[in-house]
Amino acid sequence: MSSATSFQPTTLMRDETDGDLWTLNFGPQHPATHGTLHLELQLDGERVVRCTPHIGYLHSGFEKLGEHLNYNQYVVVTDRMNYCSPICNNIAWHHAVEKLFGIELTPRCKAIRTIVQELGRIQDHLLCVGANALDLGALTGFLYGFNPREPIMDLLEELCGARFTVSYTRVGGVVRDAPPGWTDRIRRYLRQDLPPALEDFETLLIRNRIFVERVKGIGVISHDDAINWSLTGPVARASGVKRDLRKDEPYLCFADNWDGRGAPAVRFQVPIAYGGDVLSRILVRLEEMRQSAAIIEQVIDMMPEGPVNVLADEDVTLPDKREIYFSIEGLIHHFEKIMSNRGLRPPLGEAYGAIEAPNGELGFYLVSDGGNAPYRARCRPPSFMNYQVFPVLLEGHQISDVVAILGSLNIIAAELDR
Amino acid sequence: MATADAIAALQARFPELHFTPLPLLRYPDGRDSGQYWLRVPAERLLEVARFARDDPRTRFEQLCDLAGVDYLNFPGARERFAVIYSLLSLTHNHRLWLKVFVNDPDPVVPSVTGIWRGAEWPEREVFDLFGIRFAGHPDLRRILCPEGITDHPLRKDYPLRGRGEREAFSVVTRETA
């Protein structure tokens, strides 16, 4: 087991001039690279001396596209960014857009968005931890992670008709209200399906000596370095960085008085680990899932009634479909919002909105020239920021640790390259 | 405004730069969004950034994001490019945005990788997509676009559908490889 924790493991490096290093191209097509990543590894025997990541294989110009799509259309593109939890990207995008428009959401919309965001977090962490296990050869762990993901897909399908590319949010609201009985089914899932699944998951991985030895002390990053390298989310929290946007810059139901009638913010704990290694990241993610479940239960208890979209006279939301098809005013109103020479007009200026996505801070920096599409739609992708530290984490480790570290950072290539 | 102290500290340290905090956004009803930015000249950026990171009143330990914007057709804009540094203080839980404006023909900004190492890839990205050079960057290469592309796709004068790169892409076959 390697115990290299220092940032400059020069002691492990061989003199390069002796020509004794091997170059190994890891990816772009490799089952453990989570999409298309390409690592150029310089090896001294089985030890990684240097790693040069090459990214961009999935670059599809999402930010350029954002300058040509209006504020509702772009949500479809955000689905394709982090495909482990697309719903969180939707929420992040419209969180920033609503900051730009200065919209205050309705309480019911906030509650629904909080629920689906936390469902997305569970969905993402299950896949991440499962895939991390899979990369290390623990196929069973992966399957145990995938089983409880399925009901979340079903719940999302009930909500918006799509399992995967949900595109659920709209400016000032969501596509449609939750169907009757939806919250009961979530509750059943959280009480019956999820706890035993997490228990199994933990027994299989954390109480498995072989797995723990593979991940303990691997890919360590210190608290200060984590901050300096712009790490956020579970990766930073596994290094002892106490930062969670849900607590520090509260939004949705994480803010006090979110329903305007004095409702308290949801109560939850932010799990912090101090190891900074792969195991700590897994532990943080496992605990975050439990906290997310607790958050959802609280929100369901407080679930307010009422409209999910801000009122039509605020002139930012699309009218209800029934209104469009059965009234002339609704139809006109709809056209006004859809036509490319009309549409939604935000004020001239710039805004940054970010949420605590499963991977870290997912933010959008919007520049608006007053038109119906953003002038610039910068995405602050957590994968991109987290991945740049990867070569540093890797130096001095064995080649079999590459996938352990890669899996623990949860790099999603589509979000990385955009 | 939690950021006020940080801005006051920066103003006190750099009186010659005449920092005026401007809101990123002002709503039609006169409120602002609570997010402020300062204009920093490129040649003083490193000094300002180092002070912003280290001073106990500012403590911007983290560079949350670094983005480029091309203000070519923006109403009322006099300068072409801006590099926007989104600073975050975990100690004080506040944010501040710094903007450095640069222009054609040779947009250059000093690299802040020596202050925040997390700037490494975002600077490469801005270099790749906007063609803004970062002086002193340890490894300034394209990051998202393939080698051989000469354009900078996020510039406003670059068309959405590209300039035919897709058609001109060389296909590698067994014979030509």
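Numbers for the structure displayed
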item	result
Gaussian network model of chain A, Cα within-10 Å springs - most flexible of A:Ser60, A:Ser292, A:Ser327	A:Ser327
10 Å Cβ neighbours from other chains, averaged over peptide A:384-393	3
Order of A:Lys64, A:Lys216, A:Lys110 under a 10 Å beta carbon neighbour criterion, fewest first	A:Lys216, A:Lys64, A:Lys110
Charge-dipole axis of chain B as Lys and Arg at +1 and Asp and Glu at -1 on Cβ define it, positive-most pick from B:Leu17, B:Pro146, B:Phe130	B:Leu17
Rounded FRET efficiency, nearest 0.05, which uses the C-beta distance separating B:Glu175 from A:Lys242 and R0 of 56 Å	0.45
Net dipole in debye of segment B:86-130 [+1 Lys, Arg Cβ; -1 Asp, Glu Cβ; about Cα centre; nearest 20]	320 debye
Partner chain coverage, peptide B:63-71 - average Cβ within 10 angstrom	6
Spin-label pair A:Asp256/A:Ala162, simplified geometry with 7 Å Cα→Cβ offset, distance in nm	3.9 nm
Gyration tensor (alpha-carbon) shape descriptor, segment A:55-170, a/c threshold 1.5	oblate
Whole-angstrom gap from segment A:74-136 to segment A:187-248, using each part's C-alpha centre	19 Å
Exposure proxy ranking, count of Cβ atoms within 10 Å, fewest first, for A:Thr317, A:Thr36, A:Thr232	A:Thr36, A:Thr317, A:Thr232
C-alpha center-to-center spacing [segment B:103-170, segment A:347-418] in angstrom	17 Å
Relative contact order for chain A, counting Cα pairs under 8 Å that sit 6 or more residues apart, in percent	27 percent
MRE, 222 nm, helices only [DSSP H, n ≥ 4, -39500 (n - 2.57), over chain B, to nearest 500]	-5500 deg cm²/dmol
Per-residue mean of C-beta atoms belonging to partner chains within 10 Å, peptide A:350-361	3
Cα-based shape type of segment A:287-406, given that a ≥ b ≥ c are square roots of the gyration tensor eigenvalues and the cut on a/c is 1.5	oblate
Kirkwood hydrodynamic radius of chain A, Cα pairs, Å	22.4 Å
Sites B:Arg78 and A:Arg187 - FRET efficiency at Förster radius 56 Å, r taken between beta-carbons, to 0.05	0.45
Residue-by-residue Karplus 3J(HN,Hα) for segment A:109-118, coefficients 6.51, -1.76, 1.60, Hz, glycine and proline x	4, 4, 5, 5, 5, 4, 4, 5, 5, 6
Taking B:Phe101, B:Phe60, A:Phe326, B:Phe14 and counting other C-beta atoms within 10 Å, the order from fewest to most	A:Phe326, B:Phe14, B:Phe101, B:Phe60
Prolate/oblate/rounded call for segment B:54-152, Cα gyration tensor, a/c under 1.5 rounded	oblate
Segment A:76-92 - phi-based ³J(HN,Hα) in whole Hz, Karplus 6.51/-1.76/1.60, Gly and Pro as x	5, 6, 5, 3, 7, 7, 9, 7, 7, 8, x, 4, 5, 5, 4, 5, 4
Inter-label distance, nm, simple model (7 Å from Cα along the C-beta direction), A:Phe335/A:Ser222	6.6 nm
Mean ellipticity per residue at 222 nm, deg cm²/dmol - from DSSP H runs of n ≥ 4 across chain A, formula -39500 (n - 2.57)	-12500 deg cm²/dmol
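Readers should treat all values here as calculations from the given coordinates under stated rules, not as data from a laboratory. Fair warning: this is a prediction, and the values are worked out from it, not measured in the lab. FYI the Cβ positions are ideal-geometry reconstructions off the backbone, even for glycines, and counts take in every protein chain you see.
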